[in-house]
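The values are calculated or read from the model by the stated rules, or taken from the named source; none is laboratory data. As the structure is a computational prediction, the values presented were derived from the model and not from experiment. As a convention, Cβ positions derive from the backbone with ideal geometry for all residues, glycine included, and neighbour counts pool all protein chains shown.
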Amino acid sequence: MARLALVPLALAYIAIVRVRATAYRRGVLRAKRLVVPTVAVGNLSVGGTGKTPLAAWIARRYVGQGRTPGILLRGYGADEPLVHRRLVPEGVVVAHPDRVAGAAQARAAGADILVLDDAFQLLSVVRDLNIAVVSAESVEGSRWPLPAGPWREGWDALARADVIVVTRKRASAAAADALARRLEQRRADTLVCVAHLAVGQLEGMQSGTRHELPVLAGRRVLAAAGIADPETFATQLRGLGAIVQLQAYQDHHPYAEADLTGLVRGSAGADYVVVTEKDAVKLRGRWPGDMPEPLVAGLAVQWERNGPMLEHALDAVPRWNRP
């Protein structure tokens, strides 16, 4: 019943989105070019698709080529800039609601390539490569647009994408590949890739000490996750053989002292406390020193389809010649 009450708002929302997209496509509204070459990463639905790990992977790849990526975020949710600074310490991370102003800040700090996180709907900015992320898990749920469901835009918006990346966390490889094939049929001129976002490393939250993934097998794990889809995080840990008790919070949860106290108390019955990278940036330095430190589960981007072709597309983004 609650969703039905939101249907009129959802229909109005999607109508406005389509009118806006049409205005940019026809030149009624004009996009601005940023100061340096730009790669945009975004999605059609809210939360949990894996755009942030993908944006960080892209930025790290540019670092490996001797470039200085500027990672631009809208500035909503203080945890994501902190995550990017941990994942890409060589990059320039700027959180600003105005991406044009943010781009100028990044350039002034030395950035020579921009990676825009959560920018598929940012039609006001010209991009040299536009990447849309579609979660293989998201197609299983509601198809309603905001606010009745999780969708910002419909499938027709993928016409703007140069590259579509299908991500999977708990979905099977076969399901992700089938979705990729369907998207290829709809968008024959668009590169479609598949990436498995799997737990790739475990490290101590305070010490940074690396642990082998099998350390969780058969162990009792208290998993704390303030992300868009906490259950998927628990599923990933169970895939490593862990016996998981999930403590789920809302996305971007700030972790009050009462939350921290509850986690510490709950850890007494667990062999390990495991948190996401997004949660670790808010808990690091606050965990009691006389308690075993939590482990941070870092996601690895494992390409299952057309990864080399995406790398070629990234390499084709022009280099910026400093004035």
key: Only listed residue being among the basic types (Lys, Arg) and over 30 Å from Ala280 (Cβ atoms), chosen from Arg170, Arg182, Arg210   = Arg182
query = Within region 70-92, which residues are among the aliphatic types (A, V, I, L, M), in contact with a helix residue (DSSP H, G or I) (Cβ under 7 Å, 6 or more places away or on another chain) and part of a loop (DSSP other than H, G, I, E, B)?
reply = Val88
Residues satisfying the stated conditions in region 21-60, i.e. surrounded by 14 or more Cβ atoms within 10 Å (Cβ to Cβ), touching a residue at least 60 places away in the same chain (Cβ under 8 Å) and among the aliphatic types (A, V, I, L, M) = Ala21, Leu34, Val35, Val36, Val39, Ala40, Val41, Leu44, Val46, Leu54, Ala55, Ile58
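Which members of region 119-153 meet the condition of being modelled with pLDDT of 90 or more, assigned to a loop (DSSP other than H, G, I, E, B) and not polar (S, T, N, Q)?
Across region 119-153, the qualifying residues are Ala119, Phe120, Leu122, Leu123, Arg127, Asp128, Ala136, Glu137, Arg152, Glu153.
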ask   = Hey, any hits in region 142-156 for a residue that's in the same structural domain as Lys32 (by TED's automatic domain parsing), aliphatic (A, V, I, L, M), surrounded by 23 or more Cβ atoms within 10 Å (Cβ to Cβ) and in contact with a Lys or Arg (Cβ under 8 Å, 6 or more places away or on another chain)?
value = no
Only listed residue being among the aliphatic types (A, V, I, L, M), modelled with pLDDT of 95 or more, in contact with a His (Cβ under 9 Å, 6 or more places away or on another chain) and assigned to a helix (DSSP H, G or I), chosen from Ala176, Ala234 = Ala176
remark   = With the first residue restricted to region 281-296 and required to be at positive phi, and the second required to be surrounded by fewer than 21 Cβ atoms within 10 Å (Cβ to Cβ), Cβ contacts under 8 Å at 6 or more apart or on different chains are Gly285/Gln206
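Please go through region 287-311 and pick out each residue that is loosely packed, with under 12 Cβ neighbours inside 10 Å and in the same structural domain as Leu87 (by TED's automatic domain parsing). Let's see the steps before the verdict.
Of the residues in region 287-311, the ones loosely packed, with under 12 Cβ neighbours inside 10 Å are 288-290, 308.
Selection gives Pro308 alone.
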Per-region count, region 88-101, residues under 14 Å from Pro37 (Cα atoms) and within 20 Å of the chain's Cα centre (by Cα) = 1
